[in-house]
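The values are calculated or read from the model by the stated rules, or taken from the named source; none is laboratory data. Owing to the predicted nature of the structure, the values given are computational and were not obtained by experimental measurement. As a convention, Cβ positions derive from the backbone with ideal geometry for all residues, glycine included, and neighbour counts pool all protein chains shown.
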Amino acid sequence: MNDMAQVALDRYAKHVNPQKVRVLKAAGLGIIESRRDGAWVYDAEGRRLLDCFTSAGSFNVGRRNPEVVRAMHEAVDSLDHGNFLLCSSQKADLAAKLADISPGDLSCVMFGTGGGEAVDFALKLARGATRRARIVHTVNGYHGHTGFALSAAGRDAYRVPFEPLMPEFVRVEFGDAEAMAGAVDMHTAAVLVEPIQGEGGIRVPPDGYLRRLRELCTENGAVLILDEIQTGFGRTGKWFACEHEGVVPDIMTVAKSLGGSMVSISATIFTEDLREFLIPNPFIHLSTFGGSDLACMVALKVIEIIESTGLIDHAAEMGAILNAGLNRLAGEFPDAISEVRGRGMMAGLKLADDSMGPRLSYNLSNHGVLAIYSGNEPSVMRIMPALIIEPQEIDFLLDALQGAMSDMLSGKGPDSEPSPRVRRRPQR
């Protein structure tokens, strides 16, 4: 590690989070990013790694996509964040576009800066519109670390230090429609779920699960909130993962890849019926930087790229190639890989035990791949590269996984010498 990287890590440990640095180093991810390019990232020493974490699915159109960068430059040339209290054509245009691509009758938008903020507003809207309190969410679900969203955290480690949290949050097993049926009643304001759990271990629910949730909410007058923050904008081979079951929620939250790796932006998209709650008090929820004029221009370019390049169909095609390769790998290592999970370009390898997640992250780094295990299920290695990935890059990934699995099972770890398979490319 060069001096610049070491200084950066030392400063981060001293002033930000020392334990985070220790954990990342143990997983082979104690790196400082330098150049970012498409599906790849380079560390401070010029080492090239295929980015298969992508900040939990934030870089669907690639790192520093040239068209997104140009849109950012154009926005900076003429705009700033904008006055959050005023209307703007940039906010109006993006809201209209989000309504256009969203399923069903989702047509109203509230902007934010991140996913947690989007979920916070979704829960406030559901409670305000229904005048009910109960929120039903799922074990190992992940919706952010802020106020209302934290109360819906599916992992006790995130919640317990801050209790008591918001009341009337009920947790049930993910994918269990009968458990959900037992929890949802006429006192329920909303059901909040991810169509596919991300931090929970890339868990795809059984067929019909989302349709059953839709039925339960409709029968009981509750609001169905789908958190598409990781699954949205083509990640699963559809614009939004709920489209695989033809389900339309009452509220949908989006963020991450909407910012094109350049800006922070999120949106809560909801029906006109729910908007009625906002009419008496249009300032009941505000965000100073949510949907800034700069961010809206960049987000519009991201959506344009997805549409003009056929990126969603490409993601479905690449996902099929990736899934076939991961299943071949599972057949080669049956004692270590128990299951291949996912849909489209949101994939996960369920490993034999929790210790294998960090160990595989370490060995993948030595083989030129940046990937990290799921936060709420460490035995699952998540594979979420940029959607612009090409077949030859998937081949590279599968070769790296094969080598990393072999290294891990042979006992290689943080004290071992790096594998000679690490590939470098000169800086351009």
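Descriptive notes on the structure:
- Close pairs from the range 9-35: first over 20 Å from Tyr362 (Cβ atoms), partner outside any loop (DSSP other than H, G, I, E, B) and charged (D, E, K, R), Cβ under 9 Å, at least 6 apart: Ser34/Asp43; Arg35/Arg48; Arg35/Arg63
- The range 86-164 holds helices (runs of 4 or more DSSP H) entirely within its bounds, and those carrying 3 or more residues that are touching a Phe, Trp or Tyr at 6+ places or on another chain (Cβ under 7 Å) and touching a residue at least 12 places away in the same chain (Cβ under 8 Å) map to 115-130.
- Yes/no for Ala96 being modelled with pLDDT under 95 and either loosely packed, with under 13 Cβ neighbours inside 10 Å or within 17 Å of Ile265 (Cβ to Cβ) (or both): no
- Only residues that are at pLDDT 95 or above and either of a type in the set (Val, Ile, Thr) or within 24 Å of Asn60 (Cβ to Cβ) (or both) were counted across the range 377-424, and they come to 22.
- Flag for Ser89 being closer than 28 Å to Leu349 by Cβ, small (Gly, Ala, Ser) and surrounded by fewer than 16 Cβ atoms within 10 Å (Cβ to Cβ): no
- Of all the listed residues (Met356, Met345, Met405), the sole one being under 30 Å from Ile303 (Cα atoms), crowded, with 22+ Cβ neighbours inside 10 Å and in contact (Cβ under 8 Å) with a residue 24 or more places away in the chain is Met345.
- Looking only at residues of the range 211-222 that are assigned to a helix (DSSP H, G or I) and either surrounded by 24 or more Cβ atoms within 10 Å (Cβ to Cβ) or hydroxyl-bearing (Ser, Thr, Tyr) (or both), we find that the one that is farthest from the chain's Cα centre (by Cα) is Thr218.
- Selection from the range 35-54 of residues that are farther than 16 Å from Ala386 by Cα and touching an Asp or Glu at 6+ places or on another chain (Cβ under 6 Å): none
- Residues in the range 223-280 that are within 21 Å of Leu94 (Cβ to Cβ), assigned to a helix (DSSP H, G or I) and not small (Gly, Ala, Ser): Cys242, Glu243, Lys256, Leu258, Glu272, Leu274, Arg275, Leu278.
- Contacts under 7 angstrom Cβ, first residue in the range 319-337 being free of Cβ contacts under 8 Å to residues at least 60 places away in the same chain and part of a helix (DSSP H, G or I), partner surrounded by 17 or more Cβ atoms within 10 Å (Cβ to Cβ) and among the hydrophobic types (A, V, I, L, M, F, W, C), 6 or more apart: Asn323/Val340; Asn323/Ala347; Asn327/Val340; Ala330/Ile337; Ala330/Val340
- Residue tally, condition over 23 Å from Arg35 (Cβ atoms) and either within 27 Å of the chain's Cα centre (by Cα) or acidic (Asp, Glu) (or both), over the range 64-81: 3
- Taken as a whole, the structure leaves Phe169 outside the set of residues that are of a type outside the set (Asp, Glu), surrounded by fewer than 24 Cβ atoms within 10 Å (Cβ to Cβ) and under 24 Å from Tyr373 (Cβ atoms).
- Output for the range 146-174, where each listed residue is in contact with a helix residue (DSSP H, G or I) (Cβ under 6 Å, 6 or more places away or on another chain) and of a type outside the set (Ser, Thr, Tyr): Gly147, Phe148, Ala149, Ala153, Leu165, Met166, Phe169, Val170, Val172, Glu173
- Beta carbons closer than 8 Å, at least 6 apart along the sequence or on distinct chains, pair a first residue in the range 180-202 that is at positive phi and in a loop (DSSP other than H, G, I, E, B) with a second that is of a type in the set (Ser, Thr, Tyr) and crowded, with 23+ Cβ neighbours inside 10 Å for Gly201/Ser374; Ile202/Ser374.
- Selection count, the range 161-177, where residues are more than 18 Å from Arg134 (Cα to Cα) and modelled with pLDDT of 95 or more: 2
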